[in-house]
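Participant: I have a structure here, written as structure tokens, and I will follow up with some questions on it.
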Amino acid sequence: MTVPVLSAQNIGKSYGSGANRFDALKGVSVDIRAGESIAIVGKSGSGKSTLMHLLALLDDPDSGALLVEGTDAKKLKGKEVNRLRNQDFGFVFQQFFLTANASVLDNVVLPLKIAGVGPKERRARGMKALEQLELADKAKNKAMNLSGGQKQRAVIARALVNNPKVIFADEPTGNLDTTTGAVVEDILFSLNRDKGITLIIVTHDIDLAARCDRQIFIRDGLEDVTRSPEAIEKPAGAHA
Amino acid sequence: MKFVDIITTAIANSFRSKLRTGLTVIAIFIGAFTLTITSGIGTGVTSYINSQVSAIGAADVLTVSKAGDATATADDGPAPYDPDKATAISLGNGSRPGSTIQALTDADLGTIEATSGIVGVDPAVQVTPDYIEYDDSGKFELTVNAAATLTTADLAAGEQLDNESTTDQILLPTTYLDTLGFSTPESAIGETVTIGIADFAGTQQQVPATVVGVQNETILGAGAGLNQPLTDRLHAVELSGTPAGAPQSYATATARFDLDASDAEITAIKADLADQGYAAQTVADQIGSFETVINVIIGVLNAFAVIALIAAGFGIINTLLMSVQERTREIGLMKAMGMNGGRVYALFSTEAVFIGFLGSALGALVAVGVGSLVSNILATTVFENLPGLQVVQFAPSSIAIIIGVVMLIAFLAGTLPARAAARQNPIDALRYE
Ligand SMILES: Nc1ncnc2c1ncn2[C@@H]1O[C@H](COP(=O)(O)OP(=O)(O)O)[C@@H](O)[C@H]1O
Ligand SMILES: [Mg+2]
């Protein structure tokens, strides 16, 4: 059995201190294997985003351990963590986080710019990513002039541009209408299928969760074991 | 992130909020403009003074006079009469009207010459010719510039006075040319003028002199310069017919010392002379007090400019804190995507430095334009009689220093917001809604 890409071992996270202390995550364990798609499902406020942030090394757990390909994340140097987030991880957020006044291309190549890639190569790789998402004709447009679906495709292009191993998507369809949402979902799953990119999707949408290989249910900061994956009925025609 | 990317991104970021950046730039502009103008005035005035008093001809000369009686204050009443003391004589050029100092006698000259470090001493004889005339075209009053042999003239034509020459030389100011009947400075060179001077009995005598040079009007006393032989000849005429036995006395003497003497050695000579009761000043000392006044004025103006720049520094802090606030998400996103805190810091610092550069470069540029224009207008109007005076002059090095200092202030102002940005937690930024 291969080492999991990411392995959370009984991780917990609290916000605030003293009387205001709030345990957002109270000990969750999960192994994520290369190439799989996994959904983190739960109600709003249950701690899904907190778990994802810990898995993506955006935050440090207060208890438990997080292993990155078998290495304890605590032992990784800041530089190594930055490299992982820049090159191995891609991020897709519900609120897009595009710089409104900058061009679509400039937004997409931001991870490459951070990595120190030269302008020529940046352009070439950015355009390639945009072509994959059928946004090449919008490359020079300002990000604020795109529609919601186009914005999310631009965000996916940005997540893809550095050829990541894992894509983290936090409510990727939360701000989109059903049709557009479905298109974005298809794009994400095709990346998982065709390129073997590991997909970690945070969602409260049961239908989206069902399309993933595996689901982990979170309730009040704990894994809800009463809802085993088998308990979910897969919608007809969905990817099995 | 690469260095060039940090710079281009920072510049692009500073233009995102044009109004805010613009207002900050104006604040810096005002400070840099003032600093550039005041430093320009400093450069202009100093370079004019230097052209007036070229240090070369005057560096080895002390003007020596008898020191006033330090004890004779108003409360003490008059000092007791001393028959051995030379009579007080009225000073001509340059002293307060009616002021007198003790005159130097030949014995004093001997004492001064014997002082260690002094290689020679000449009494400064003051001659008062009656008129100057050229080519029978009329007689005009002649003012003699006593400082002429102490300084190197700012020449419009011809050569400097030569004290070693055997000919009697005169250096005319440009203002004399028209009156005497010369069309150009060059046409006066080599011509012979006639100087009229009265002897002791009051009989007028005529002395010819050759014009060797024409001098631009100077701030160090107007008038014509005479070389030593001509001065001596005129002095001889003035003294002819003096009753025998009348003691010779002089207001001042010029003492020469070794040209290579260090400042410390010059100070020692002056102290030595002071102990013996003589006051000695180099030309630099005489000019120094004038320069001190100008430096104080410039210093005050500079202080105002620096205050303006410090205020502008707070403007930079404010501008950048607001943009850190506005770009919270963007900073969080960049950090989430693996940008380290140091680069985020560099990004905001660079933006501050760029705003500083923009304000100071524009301020300096406009100051150079306005200063040069005003200076040229003044040179042909108010300062018409002082040829060569460009009140505002710009040295590239001081402009570079001003821009550099402003950029440094901007960098320091930027550290606070840049640190706030660098410390931002990506999670807080991405949750921020
Ligand atoms: N920075 C924070 N400070 C205090 N409480 C927080 C903070 N971030 C999240 N929380 C709380 O932690 C809980 C879990 O948050 P989150 O992981 O975002 O939930 P989800 O993504 O499932 O909606 C929520 O109750 C939220 O209010
Ligand atoms: Mg969430």
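Participant: Does B:Val300 satisfy being in contact (Cβ under 8 Å) with a residue 40 or more places away in the chain and either among the polar types (S, T, N, Q) or away from chain A (no Cβ under 14 Å) (or both)?
Facilitator: For B:Val300, the condition - in contact (Cβ under 8 Å) with a residue 40 or more places away in the chain and either among the polar types (S, T, N, Q) or away from chain A (no Cβ under 14 Å) (or both) - is not met.
Participant: Taking region A:54-74 as the search range and keeping residues that are within 22 Å of A:Asp213 (Cβ to Cβ) and within 13 Å of ligand 1 (Cβ to nearest atom), which one is farthest from the other protein chains (Cβ to nearest Cβ)?
Facilitator: Here the residue is A:Leu55.
Participant: Can I ask one more? For region B:391-433, give me each residue that is polar (S, T, N, Q) and either touching an Asp or Glu at 6+ places or on another chain (Cβ under 7 Å) or more than 14 Å from every other protein chain (Cβ to nearest Cβ) (or both).
Facilitator: Those that are polar (S, T, N, Q) and either touching an Asp or Glu at 6+ places or on another chain (Cβ under 7 Å) or more than 14 Å from every other protein chain (Cβ to nearest Cβ) (or both): B:Gln393, B:Ser397, B:Ser398, B:Thr415.
Participant: Restricting the search to region B:10-40, which residues are more than 21 Å from B:Ile310 (Cβ to Cβ) and out of contact with any helix residue (DSSP H, G or I) (no Cβ under 6 Å at 6 or more places or on another chain)?
Facilitator: Selection gives B:Ala12, B:Phe15, B:Arg16, B:Ser17, B:Lys18, B:Leu19.
Participant: Out of (1) more than 14 Å from chain B (Cβ to nearest Cβ); (2) closer than 24 Å to B:Arg329 by Cα, the odd one out for A:Ala102 is which?
Facilitator: (1)
Okay, residues lined up against (1) over 20 Å from A:Leu84 (Cβ atoms); (2) within 16 Å of ligand 2 (Cβ to nearest atom); (3) within 18 Å of the chain's Cα centre (by Cα); (4) at pLDDT below 95:
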position: A:Leu133; (1), (2), (3), (4): yes, no, yes, yes
position: A:Ala136; (1), (2), (3), (4): yes, no, no, yes
position: A:Met144; (1), (2), (3), (4): yes, no, no, yes
position: A:Lys151; (1), (2), (3), (4): yes, no, yes, yes
position: A:Ile156; (1), (2), (3), (4): no, no, yes, yes
position: A:Asn162; (1), (2), (3), (4): no, no, yes, yes
position: A:Ile167; (1), (2), (3), (4): no, no, yes, no
position: A:Gly174; (1), (2), (3), (4): yes, yes, yes, yes
position: A:Val184; (1), (2), (3), (4): yes, no, yes, yes
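Participant: Output yes when any residue across region B:379-390 is over 27 Å from A:Asn82 (Cα atoms), touching a Phe, Trp or Tyr at 6+ places or on another chain (Cβ under 7 Å) and either more than 14 Å from chain A (Cβ to nearest Cβ) or not in a helix (DSSP H, G or I) (or both), and no when none is.
Facilitator: So far as region B:379-390 goes, yes, one or more of its residues are over 27 Å from A:Asn82 (Cα atoms), touching a Phe, Trp or Tyr at 6+ places or on another chain (Cβ under 7 Å) and either more than 14 Å from chain A (Cβ to nearest Cβ) or not in a helix (DSSP H, G or I) (or both).
Participant: Shifting gears a bit: Which pairs have Cβ atoms under 6 Å, sit 6 or more apart or on different chains, and link a residue in region A:48-76 that is surrounded by 14 or more Cβ atoms within 10 Å (Cβ to Cβ) to one that is among the aromatic types (Phe, Trp, Tyr)?
Facilitator: A:Met52/A:Phe168; A:Ala56/A:Phe89; A:Ala56/A:Phe168
Participant: Looking at this structure, is A:Val108 in contact with a helix residue (DSSP H, G or I) (Cβ under 6 Å, 6 or more places away or on another chain), over 27 Å from B:Tyr345 (Cβ atoms) and not polar (S, T, N, Q)?
Facilitator: For A:Val108, the condition - in contact with a helix residue (DSSP H, G or I) (Cβ under 6 Å, 6 or more places away or on another chain), over 27 Å from B:Tyr345 (Cβ atoms) and not polar (S, T, N, Q) - is not met.
Participant: Identify the single condition in (1) aliphatic (A, V, I, L, M); (2) within 14 Å of another protein chain (Cβ to nearest Cβ); (3) surrounded by fewer than 21 Cβ atoms within 10 Å (Cβ to Cβ) that B:Leu333 does not satisfy, given that it satisfies every other one.
Facilitator: All conditions pass for B:Leu333, except number (3).
Participant: Kindly provide the set of residues from region A:36-47 that are buried (at least 16 other Cβ atoms within 10 Å of the Cβ) and away from every other protein chain (no Cβ under 14 Å), ordered by number.
Facilitator: Residues satisfying the conditions are A:Glu36, A:Ser37, A:Ile38, A:Ala39, A:Ile40, A:Val41, A:Gly42, A:Ser46.
Participant: Right, another one. Would you mind stating whether B:Ala305 is in a strand (DSSP E or B) and either away from every other protein chain (no Cβ under 14 Å) or touching a strand residue (DSSP E or B) at 6+ places or on another chain (Cβ under 9 Å) (or both)?
Facilitator: In short, no.
Participant: Does any residue in region A:187-208 that is at positive phi come within less than 6 Å, Cβ to Cβ, of a residue that is more than 16 Å from ligand 1 (Cβ to nearest atom) six or more places away or on a different chain, and which pairs are these?
Facilitator: Final answer for the pair search is A:Gly196/A:Gly35.
Participant: Against the condition surrounded by 16 or more Cβ atoms within 10 Å (Cβ to Cβ), farther than 21 Å from B:Gly277 by Cβ and at pLDDT 90 or above, how does B:Ile37 come out, does it pass?
Facilitator: Answer is yes for this residue.
Participant: Among the charged types (D, E, K, R), within 16 Å of ligand 2 (Cβ to nearest atom) and out of contact with any Lys or Arg (no Cβ under 9 Å at 6 or more places or on another chain): which single residue out of A:Lys43, A:Lys79, A:Lys48, A:Lys74 fits that description?
Facilitator: A:Lys48
Participant: Looking at region A:77-90, I want the residues that are at the interface with another protein chain (Cβ under 7 Å from one of its Cβ atoms) and have a partner that is in a helix (DSSP H, G or I) with Cβ atoms under 7 Å, at least 6 apart or on another chain. Which pairs are those?
Facilitator: A:Arg85/B:Ala336; A:Asn86/A:Pro111; A:Asn86/A:Ile114; A:Asn86/A:Ala115
Participant: Sort out for me the helices (runs of 4 or more DSSP H) sitting completely within region B:169-274 that have 2 or more residues that are under 27 Å from B:Leu104 (Cβ atoms) and touching a residue at least 60 places away in the same chain (Cβ under 8 Å).
Facilitator: Filter on region B:169-274 gives B:228-239.
Participant: Got a sec? Which of B:Ser397, B:Ser360, B:Ser372 is of a type in the set (Ser, Thr, Tyr), buried (at least 22 other Cβ atoms within 10 Å of the Cβ) and at pLDDT 90 or above?
Facilitator: Among B:Ser397, B:Ser360, B:Ser372, only B:Ser360 is of a type in the set (Ser, Thr, Tyr), buried (at least 22 other Cβ atoms within 10 Å of the Cβ) and at pLDDT 90 or above.
Participant: Out of the residues in region B:1-54 that are in a helix (DSSP H, G or I), within 14 Å of chain A (Cβ to nearest Cβ) and charged (D, E, K, R), state the one that is farthest from B:Val391 (Cα to Cα).
Facilitator: It comes out as B:Asp5.
Participant: To continue, here is another question. Please give the number of the condition A:Ala19 fails out of (1) in contact (Cβ under 8 Å) with a residue 60 or more places away in the chain; (2) more than 30 Å from A:Asp194 (Cβ to Cβ).
Facilitator: (1)
Participant: Is there any pair with a first residue in region B:417-429 that is away from ligand 2 (no atom under 16 Å from the Cβ) and a second that is among the polar types (S, T, N, Q) whose Cβ atoms are under 8 Å apart and which are 6 or more apart or on different chains, and what are they?
Facilitator: B:Pro417/B:Ser323; B:Ala418/B:Ser349; B:Gln424/B:Thr328
The values are calculated or read from the model by the stated rules, or taken from the named source; none is laboratory data. No experiment lies behind these values; they were computed from the predicted model shown. Please note: Cβ atoms are built from the backbone with ideal geometry, for glycine as well, and neighbour counts cover all protein chains shown.
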